[in-house]
Amino acid sequence: MRGLKKAAPLKPALITGGAVAGMAAVAGLLLAGCDASSQGVRKEGPAQSQSAAKATRMPPASATPAQEKVDAVKLIKGDPKIGDQIKKNLKPCVKNQYPVDITYGKLTDGSRSDLVVNILTCGDGIGIGSYVYRAKGDGYENVFVAEQPPVYAEIDRRDLRVTKQVYGPGDAVCCASGEDVVTYHWSGKEFRETGRTHTDYSKTGNDGKADLPSEGTEG
């Protein structure tokens with residue numbers, strides 16, 4: 001795995017980072033038939049990154065030490081902006097342990113900490129959905145959605161950073177051609193893209209070294 005272990009304004013609009021061949025097969029394998037669709041808010045484009053699969057979970061510096069814990073599973077299942085198939089496939093991996101990461105921190109101008117929620121697959125921990133919730137009254141409102149896997153969202157200082165894999169023609173699920181990292185900043189009422197980087201992965205092998213021809217034996 002490389003990189004992390006793991007724009008039109010946010011008007012419930014679809015953002016496409018370029019149609020990527022093989023994405024349908026990737027989503028099908030990761031979601032096991034799950035329809036990665038959603039309603040409302042920002043929808044991210046083609047997914048990228050095995051780094052997005054298992055991102056390095058680092059607590060944001062802005063997180064509140066005594067943060068009141070939120071039931072992320074209950075929040076997701078009660079959210080009309082999240083696709084029905086995502087909810088249906090959100091089940092415990094072991095007993096009551098759900099494959100959900102939740103990070104508390106400051107991303108918007110809310111009175112309480114915002115929530116970044118990532119839904120993962122069991123076992124390999126590939127991100128299949130990323131969401132941002134902003135405090136509103138006694139509850140939270142969904143202000144960001146990315147549901148095309150593999151995807152993983154994090155808090156970077158006070159910016160939202162979303163990492164996704166990019167697949168090219170013929171890429172296997174395990175071996176994407178590269179990754180995109182997109183940075184968003186809260187504008188006062190929505191997230192707006194402020195930066196984007198793209199990395200092309202080496203095709204020389206997992207260790208980054210080209211295969212050398214084997215030497216013949218001396219006669």
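Name the single residue that is least open to solvent (accessible area, probe 1.4 Å) among those in segment 108-119 being at pLDDT below 95 and not hydroxyl-bearing (Ser, Thr, Tyr).
For segment 108-119, the residue satisfying everything is GLY110.
Would a scan of segment 86-106 turn up a residue that is open to solvent by 60 Å² or more (accessible area, probe 1.4 Å) and part of a helix (DSSP H, G or I)?
Yes, segment 86-106 contains a residue that is open to solvent by 60 Å² or more (accessible area, probe 1.4 Å) and part of a helix (DSSP H, G or I).
Hey, does segment 88-99 have a residue that's touching a helix residue (DSSP H, G or I) at 6+ places or on another chain (Cβ under 8 Å), at pLDDT 95 or above, within 29 Å of ARG157 (Cα to Cα) and of a type outside the set (Lys, Arg)?
To start, the set of residues in segment 88-99 that are touching a helix residue (DSSP H, G or I) at 6+ places or on another chain (Cβ under 8 Å) comprises 89-90, 98.
Those left that are additionally at pLDDT 95 or above: 98.
Pick out the ones that are also within 29 Å of ARG157 (Cα to Cα) and you get 98.
Keeping just the survivors that are of a type outside the set (Lys, Arg) gives 98.
Yes: one or more hits.
Run LYS136 past the list (1) of a type outside the set (S, T, N, Q); (2) over 16 Å from the mean Cα position of the chain (by Cα); (3) closer than 21 Å to VAL162 by Cβ and report the number of the one that doesn't hold.
Against the list (1) of a type outside the set (S, T, N, Q); (2) over 16 Å from the mean Cα position of the chain (by Cα); (3) closer than 21 Å to VAL162 by Cβ, LYS136 comes up short only on (3).
Which of the residues that make up segment 125-141 are within 19 Å of LYS88 (Cα to Cα), open to solvent by 10 Å² or more (accessible area, probe 1.4 Å) and part of a strand (DSSP E or B)?
The answer is ILE128, and nothing else.
The values are calculated or read from the model by the stated rules, or taken from the named source; none is laboratory data. Given the structure is predicted, the values throughout are model-derived calculations rather than measurements. Using ideal geometry, Cβ is built from the backbone for each residue, glycine included, and neighbour counts are taken over all protein chains shown. When the accessible area is computed, the model is the full protein with side chains, heavy atoms only, and any ligands, DNA or RNA have been set aside. Shrake-Rupley method; radii C 1.70, N 1.55, O 1.52, S 1.80 Å.
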